[in-house]
Amino acid sequence: MTDRLKELSAAGVAVWLDDLSRVRLSSGGLDQLRREKHVAGVTTNPTIFAKALSDADEYNWQLKDLATRGIEVEEAVRMLTTYDVRWACDVMRPSYDGSDGVDGRVSIEVDPRVAHDTDKTVAEAKALWWLVDRPNLFIKIPATEAGLAAITATLAEGISVNVTLIFGLDRYSAVMEAFLTGLEQAKANGHDLSGIGSVASFFVSRVDSEIDKQLDKIGSGEAKALRGKAAVANAQLAYERYTEVFSSDRWQALADAGAHPQRPLWASTSTKNPDYRDVIYVEELIAPGTVNTMPESVVTAYAEHGETRGDTITGAYEAARKVFADLAAVGVDMADVIATLEREGVEKFEASWGELLEGVRKSLSAAAQGTGTPNEAAKGNAEAAQRAGGNA
């Protein structure tokens with residue numbers, strides 16, 4: 001039987017899982033994916049945690065203890081989520097050790113409500129870093145304007161970063177600049193660059209979702225012919241910029257000091273439109289030195305029928321540029337699309353974070369009062385968080 005995920009990994013794509021729960025951890029499911037499905041990393045977000053907390057009785061003992069101690073809801077959320085992430089870091093440690101610290105990473109996100117406050121973002125990144133206390137942790141920081149400075153400052157502290165919510169090429173270039181500056185400062189601060197990791201999470205399917213709406217509204221034959229093409233083209237041109245930056249003399253000086261490159265990570269890779277192939281955002285984005293984080297449904301789909309056709313990015317730059325020229329010709333304003341996606345991305349994660357807080361608040365109350373199981377109290381809020389669209 002063909003091991004399609006092994007082929008994908010051999011083509012240079014690190015397979016990461018976009019999900020985490022205590023059931024997945026306690027059952028050995030995550031370790032099984034690592035061993036059998038070539039999963040080499042984990043990403044999380046508030047929606048994932050809200051669903052995990054609502055589904056698992058395994059959180060009840062911890063919720064009851066937190067309620068007994070009178071722990072406030074925000075601290076309780078951090079205790080619950082960092083517990084799972086610490087455990088996941090331990091599960092993924094063999095991948096970390098076996099890849100010289102490149103893979104085996106597990107991400108946890110800063111409070112998205114501080115996405116536009118540099119100082120608070122850095123402070124929370126530092127707090128999460130010592131709370132989890134594992135070398136294979138990634139702190140997720142949104143690529144907002146304020147986030148760029150926070151990315152640099154966090155890396156300068158020797159803390160590994162997953163930059164999230166990148167939609168546009170210019171912002172991606174700014175993210176890579178923030179990364180290089182952060183490593184230069186980390187080196188000046190005496191940190192070992194070989195222990196600092198980073199990925200840049202470039203969102204994919206949401207781009208098609210937004211642009212397809214505009215193309216449908218335009219309604220012409222030329223517009224409709226462009227449906228489902230923008231997201232892949234956008235990511236392909238992002239990879240072009242990645243190869244330019246990480247072949248520069250500036251980067252080479254950091255690499256000579258032991259630094260690992262900031263790999264592009266393709267996020268939001270589940271297909272939102274059922275008319276599109278369910279693994280399109282994996283098959284069309286294969287190139288060396290990349291990461292693709294997928295929900296388990298996409299991991300399974302690729303294992304069943306994914307096609308690894310070698311590098312599907314490097315030779316596609318001119319075709320990708322033509323897609324954007326054609327989009328402009330039919331009236332799509334890419335600058336407006338990217339601004340909309342970034343604004344909505346932060347808003348959706350803020351909404352999901354609020355639902356997570358409310359779910360834990362209800363669970364703590366139920367645990368304190370002995371009225372039902374804590375996870376039952378959280379289920380409605382987890383469903384609301386999923387409807388808010390905070391998931392990738």
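The values are calculated or read from the model by the stated rules, or taken from the named source; none is laboratory data. Since the structure is predicted, the reported quantities are computational estimates derived from the model, not experimental observations. Glycine also receives a Cβ, built like all others from the backbone with ideal geometry; neighbour counts cover every protein chain displayed. Ligands, DNA and RNA are excluded from the accessible area calculation, which covers all protein heavy atoms including side chains. Shrake-Rupley method; radii C 1.70, N 1.55, O 1.52, S 1.80 Å.
Ignoring lysines fewer than eight residues from Lys229 along the same chain, the ones with Cα atoms less than 26 angstrom from its Cα are Lys213, Lys217, Lys272, Lys322, Lys348.
Close amide H partners of Glu307, meaning residues 5 or more places away or on another chain with modelled amide H under 5 Å apart, do not exist here. Protein heavy-atom surface of the chain, 1.4 angstrom probe: 49% of the accessible area is carbon and sulfur, with nucleic acids and ligands not counted. Compared with the direct C-alpha span, the chain from Ala368 to Glu74 gains 104.2 nm at full extension, assuming 0.36 nm per residue. The angle between the Cα long axis of helix 205-218 and the main principal axis of the chain comes to about 60°, on a 0 to 90 degree scale. Relative to the longest principal axis of the Cα atoms of the chain, the long axis of helix 317-330 lies at roughly 90 degrees.
Close amide H pairs (under 5 Å, H built 1.01 Å from N) link Gly41 with Leu17, Gly104, residues at least 5 positions away or on another chain. When you restrict to C-alpha pairs under 8 Å that are six or more residues apart and normalise by the size of the chain, the relative contact order lands at 23 percent. Here the chain is treated with +1 on each Lys and Arg Cβ and -1 on each Asp and Glu Cβ, and its dipole about the Cα centre works out to around 380 debye. Relative to the dominant Cα principal axis of the chain, helix 296-305 is inclined by about 40°. In the chain, helical runs assigned H by DSSP with n ≥ 4 each contribute -39500 (n - 2.57); averaged across all residues and rounded to the nearest 500, the mean residue ellipticity at 222 nm is -18500 deg cm²/dmol.
Taking amide H positions as modeled 1.01 Å from N, with prolines and chain starts lacking one, the residues under 5 Å from Ile141 and 5 or more places away or on another chain are Asn162, Val163, Thr164.
Here each label is just a point 7 Å from Cα along the line to Cβ, and for Lys217 and Ala123 those points are 3.9 nm apart. Over the chain, accessible surface divided per residue gives 39 Å², non-protein components excluded, 1.4 Å probe.
In percent, rounded to a whole number, the relative contact order of region 96-142 is 48, using alpha-carbon pairs under 8 Å and six or more apart. For region 163-172, putting each phi into the Karplus relation 6.51 cos²θ - 1.76 cosθ + 1.60 with θ = phi - 60° gives couplings of 7, 10, 6, 9, 10, x, 5, 5, 5, 4 Hz, in residue order, rounded to whole numbers and with x for Gly and Pro.
Cross-link partners of Lys120 among aspartates and glutamates, defined as those whose alpha carbon lies under 12 angstrom from its own and excluding same-chain residues fewer than eight positions apart: Asp111. Among Phe246, Phe179, Phe202, the residue with the largest mean-square fluctuation in a Gaussian network model of the chain, with springs joining Cα atoms closer than 10 Å, is Phe246.
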